[in-house]
Amino acid sequence: MHRRTVTWLMPLMGLALSRAATGDFGDPIRGLSPDQLQAFRDGQAAFVAVETPADGLGPVYNGTSCGGCHNVGAPGGGSKTLETRFGTTTNGVFDPLANLGGSLIQTTGIGPQGACTFVGEQVPSEATIVARRRTTPLFGLGLVDAVPDAELLALASQQASQQPETAGRPNMVIDITTGDVAVGKFGWKSQVPNLLQFSADAYLNEMGITTPMFPNENCPQGDCSLLACDPVPGVDDDLEDVERFADFMSFLAPPPAQIDVGTGRHFTHRRWSYSTYEGGRLFQQIGCANCHVRSLRTGASDVAALRFRTFQPYSDFLIHDMGSLGDGIEQGKATGSEMRTAPLWGLRLLTTFLHDGRASTIEDAILAHDGQGGAARDRFAALPAGEQVNLLAFLRTL
């Protein structure tokens with residue numbers, strides 16, 4: 001791919017896009033030191049490595065490697081893979097049915113082990129809530145991780161003051177690396193506060209590999225007596241792989257510069273078409289940008305490439321009440337109807353949309369918005385057909 005530095009402007013929106021070097025999906029972020037580049041490569045190798053029961057895989061799991069699900073566009077991308085969560089409510093209180101293996105289903109077992117046979121879990125009949133969740137891309141998450149909590153708290157306060165009808169709120173969760181309460185940023189409910197915890201959580205819940213951060217195995221379908229047959233009891237990994245996963249995600253570049261879907265060339269301010277330009281203005285005008293906030297800024301960081309950098313995720317990483325579009329699952333302080341604003345950068349790679357992949361087009365995804373997203377949905381639906389086309393053209397450049 002031809003690489004060059006590009007700049008494009010959207011002056012009518014009052015936005016000036018920062019200068020950025022183009023690259024490929026899956027590249028490391030620009031400006032890393034040689035040691036950091038090596039850490040990225042080591043992390044990428046660990047990310048795509050296939051685990052086995054001898055490594056601690058299982059006894060129940062969803063995948064044998066991170067890269068098995070995060071692969072569209074490059075290692076670290078998303079996919080159409082859907083996971084299943086379940087639960088119920090008792091006297092109005094959400095119950096993840098942990099005693100029956102909830103809330104996350106592990107679909108596969110490692111088979112016969114001594115007196116036990118480990119098989120994939122099933123949604124129990126006691127569940128009254130069943131939700132599907134799509135595998136999300138990881139591009140640029142090091143930048144998100146480097147945004148100070150204070151920045152997101154200030155953003156939530158600003159939204160409450162200026163646009164209370166669509167204001168988001170932070171999901172305040174426990175950072176197990178410090179024991180403190182922190183702003184959640186990652187996951188469909190912003191239920192995880194940092195990439196190290198995100199990595200360790202996924203290692204346990206997706207592959208069944210325990211670490212000092214999450215030392216207890218998941219009990220298959222809630223039956224903890226089966227763990228007596230676990231072929232690798234105790235802690236499976238000393239955090240070495242978890243730290244490598246976190247390095248890979250921390251140093252993974254954001255989606256590269258927008259591409260003209262007609263020509264395959266990178267946009268410049270001289271080539272920004274009227275359709276996409278107008279679509280960007282409409283995105284702001286009808287209220288999409290109230291939640292899909294275009295730009296955030298990182299804070300201090302030990303990594304120069306992540307330090308005090310403005311980037312464009314098109315998300316506020318806050319949770320919003322989405323009404324019927326919520327999935328019913330509660331995590332941290334997020335209620336069943338609340339979901340994190342999905343980042344839109346890299347949207348052009350996706351072929352299914354929304355948390356459960358129910359929408360096959362961007363238009364369908366917009367029209368499915370509800371709750372705090374309902375007003376923007378209605379404004380989109382009321383646009384003349386040509387203006388809808390322009391807005392969708394803009395979104396396809398992200």
What percent does the relative contact order of the stretch 137-186 come to when contacts are Cα pairs within less than 8 Å and at least six residues apart?
-> 29
Angle between the Cα long axis of helix 149-162 and the longest principal axis of the chain, 0 to 90 degrees, nearest 10?
-> 50
If you place +1 on the Cβ of every Lys and Arg, -1 on the Cβ of every Asp and Glu, and leave all else neutral, what size is the dipole of the chain about its Cα centre, to the nearest 20 Debye?
-> 2140
Simple spin-label estimate for Thr177/Ala228, 7 Å along Cα→Cβ, in nm, reads 3.9
When the convex hull of its Cα atoms is projected in every direction, mean area for the stretch 71-114 (nm²) = 5.5
Considering amide H positions built from the backbone, and no H for Pro or chain starts, which residues 5 or more places from Phe118, or on another chain, come under 5 Å of its amide H?
-> Ile110, Gly111, Gln113
Helix 274-285: angle to the longest alpha-carbon principal axis of the chain, degrees 0 to 90, nearest 10?
-> 70
Ranking Glu217, Glu338 by Cβ neighbours within 10 Å, fewest first, what do you get?
-> Glu217, Glu338
Sorted from fewest to most neighbouring beta carbons within 10 Å, what does the list Ile129, Ile319, Ile209 look like?
-> Ile129, Ile209, Ile319
Which ordering of Arg294, Arg348, Arg379 is given by a fewest-first count of other beta-carbon atoms within 10 Å?
-> Arg379, Arg348, Arg294
222 nm [θ] for the chain, helices only, -39500 (n - 2.57) per DSSP H run of 4+, per residue, to 500?
-> -7500 deg cm²/dmol
Hey, in the chain, which Cys have no second cysteine's beta-carbon closer than 4.7 Å?
-> Cys66, Cys69, Cys288, Cys291
In degrees, nearest 10, range 0 to 90: what is the angle between the Cα axis of helix 195-207 and the longest Cα principal axis of the chain?
-> 50
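Hey, with R₀ at 41 Å, roughly what FRET efficiency would Ala115 and Ala150 work out to, going by the Cβ-Cβ distance, to 0.05? Present the calculation step by step, with values, prior to reporting the outcome.
Numbers: r = 54 Å, r/R0 = 1.30.
So the FRET efficiency works out to roughly 0.15.
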Long-range amide H partners of Gly101 with built H, under 5 Å | Gly222
Which is farthest toward the positive dipole end of the stretch 268-397 among Ala382, Tyr277, Ala304, measuring Cα position about the Cα centre, with Cβ charges +1 (Lys, Arg) and -1 (Asp, Glu)?
-> Ala304
Centre separation in Å (Cα based) which lies between the stretch 126-180 and the stretch 342-398 = 21
Quick calc: nm separation of the 7 Å Cα→Cβ label points for Arg358 and Asp24 -> 3.7
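Just so you know, all these numbers are worked out from the coordinates, no wet-lab data involved. Computed from a predicted model, the values in this text were never measured in an experiment. All Cβ positions, even for glycine, are placed from backbone atoms using ideal geometry, and neighbour counts span all protein chains on display.
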